[in-house]
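Data first, discussion second: the structure below is written as structure tokens.
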Amino acid sequence: MMLSIVFGLVLFLISLVSAAPPSSTVPSDKHEAKEANKCLELTYPSNGTVWDTYGTYDVTWTVTGECQDINYVYLLPVSQDEDGEVVFGELYHMEEALDIDSGHFPLNLDSREVEGNYVFAVGPKVDDWSDYSDFAVISIA
């Protein structure tokens, strides 16, 4: 089941990339703003990581550039409907902003996080998860 969700996410991301207009039709200032936020690479968690519903996990990353925004940890529930289609739940973020230069953040899971699969992302405070610095597909069991 996890493999099919990961495969569904990959297909979803590929469809987003292929549906995007050519870079020559995107205004350069907007394109640069999106690229400016790609300032870190997650080292933990990685795709396939499994966490317990309660616990503290040390999220780690390598800084790869200068972050232009304040970044937060996001969790986006992911599941499959009865037809096998990927379904995203309600996006939520941790209240505490990340100190990007520290390279790590102690993440405390509590009763809000139910068992299931999630897209774990780091990025600026936005209404969706499309402007992220990096992400991984994880499970909470």
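Only the coordinates and a few stated rules stand behind these numbers; no lab work does. Everything numeric in this text was worked out from a predicted model, so none of it was measured.
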Show the residues, 5+ positions off or on another chain, whose built amide H is closer than 5 Å to the amide H of Gly123. Tyr72, Tyr74, Ser133
Ignoring solvent entirely, what values of log10 I(q)/I(0) come out of the Debye formula for the stretch 37-101 at 0.13, 0.15, 0.22 Å⁻¹ when each Cα is a single scatterer? -0.49, -0.64, -1.13
How large is ³J(HN,Hα), in whole Hz, for each residue of the stretch 68-85 in order, when computed from phi with the Karplus curve 6.51 cos²θ - 1.76 cosθ + 1.60 and θ = phi - 60°, using x for Gly and Pro? 8, 10, 6, 10, 10, 8, 10, 10, 10, x, 10, 8, 10, 7, 5, 8, x, 7
